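To start, the structure under review is shown below, and the notes come after it.
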Amino acid sequence: MVPKYIKENANDTVQYLEYNAERPHLIIPEYGRHLQKLIDQATAIEDRELRNKTAKYIIYVMGGLNPHLRDVPDFQHKLWDQLFIMSNFKIDVDSPYPIPSREVLQLKPEVLQYPQNFPKYRYYGNNIKYMIDVANKWEEGEMKGALIKVIANHMKKSYLSWNKDTVTDAVIFEHLYELSGGTINLIQSDEELLNTTDLMRTNKRVSNKIMPAGQPKIQSNKKKPFVKKNNNQNKIQ
């Protein structure tokens, strides 16, 4: 067990150890206890002019502990706010920025409402519904027809990622008709989607990219196997 005090000789004064559990709570632990003591000492200074000089020095030290934030906008404003927070809003100095209040600091943000979507065909994802809604807002024309075809091909690719077998274009057209609320109808049309092999070959194309022109080829460090020549072949028969 560690003793609570240290005394080497009988004539020495007793030096008590200070445990972290007995020390005051650090409001912002990232700055350390020494800076917290500086702020406590500055708060207790009675001379206002000296207290303002001490606060500016503390701000300078705090900025030196975070040199990577010097280019961040309103960095000095953040340091002054942290000074008041670490002093428990007791330090009375002239700040170049509005002094924060305890009530504003204790405000809690509103609960973020996550979107609750339960699509019927989950393998298509939620983005397909957004794309279909955008297509419905477009005017009839070539651009809308091209977008609908892109959506249908993406639906077919997503379906094949979920079911590795195959799927007919008629099934995709029926799902597109249902998801669009009956506004996009390709069931009776002559549209043809990409083949299954072309859609599933996309990952292979990405892995087998062709190097751009002018790119030097990487030479392998692999040595060629040594082949012993037959000197008898060079003799004149």
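The values are calculated or read from the model by the stated rules, or taken from the named source; none is laboratory data. As the structure is a prediction and not an experimental result, all values here were calculated from the model. In this analysis, Cβ positions are derived from the backbone assuming ideal geometry, glycine residues included, and neighbour counts consider all displayed protein chains.
Residue-wise test of (1) over 19 Å from Y124 (Cβ atoms); (2) at pLDDT below 55.
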| position | (1), (2) |
| --- | --- |
| A152 | no, no |
| T183 | no, no |
| D190 | yes, no |
| R201 | yes, no |
| K204 | yes, yes |
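Only one of (1) more than 27 Å from the chain's Cα centre (by Cα); (2) assigned to a helix (DSSP H, G or I); (3) hydroxyl-bearing (S, T, Y) fails for Y130. Which number is that?
(1)
Can you pull out the residues in segment 64-100 that are in a helix (DSSP H, G or I) and either more than 31 Å from the chain's Cα centre (by Cα) or within 17 Å of I27 (Cα to Cα) (or both)? Talk me through it step by step, then tell me what you get.
Pass one, segment 64-100, residues in a helix (DSSP H, G or I): 64-65, 67-69, 75-86.
L65, K78, L79, W80, D81, Q82, L83, F84, I85, M86, listed by residue number.
Give me a count of the residues in segment 33-49 that are part of a helix (DSSP H, G or I) and surrounded by 17 or more Cβ atoms within 10 Å (Cβ to Cβ).
6
Taking the residues in segment 167-187 that are touching a Phe, Trp or Tyr at 6+ places or on another chain (Cβ under 9 Å), part of a loop (DSSP other than H, G, I, E, B) and of a type outside the set (V, I, T) as candidates, determine which candidate is nearest to N136 (Cα to Cα).
So in segment 167-187, the residues touching a Phe, Trp or Tyr at 6+ places or on another chain (Cβ under 9 Å) come out as 167, 171-172, 175, 178-179, 183-187.
Checking the rest, the ones that are also part of a loop (DSSP other than H, G, I, E, B) come to 167, 183-187.
Adding the requirement that they be of a type outside the set (V, I, T) leaves 185-186.
Numbers: N185: 12, L186: 14 Å.
For segment 167-187, the residue satisfying everything is N185.
Do we find a residue being modelled with pLDDT under 90, in a loop (DSSP other than H, G, I, E, B) and surrounded by 11 or more Cβ atoms within 10 Å (Cβ to Cβ) anywhere in segment 50-63? If you could, list the steps in order and put the result at the bottom.
First, pick out the residues of segment 50-63 that are modelled with pLDDT under 90: 63.
Filter again for in a loop (DSSP other than H, G, I, E, B), leaving none.
Within segment 50-63, not a single residue is modelled with pLDDT under 90, in a loop (DSSP other than H, G, I, E, B) and surrounded by 11 or more Cβ atoms within 10 Å (Cβ to Cβ).
Which residues, taken from segment 117-163, are surrounded by 13 or more Cβ atoms within 10 Å (Cβ to Cβ) and β-branched (V, I, T)?
If the condition is that a residue be surrounded by 13 or more Cβ atoms within 10 Å (Cβ to Cβ) and β-branched (V, I, T), then I128, I132, I148, I151 are the ones that fit.
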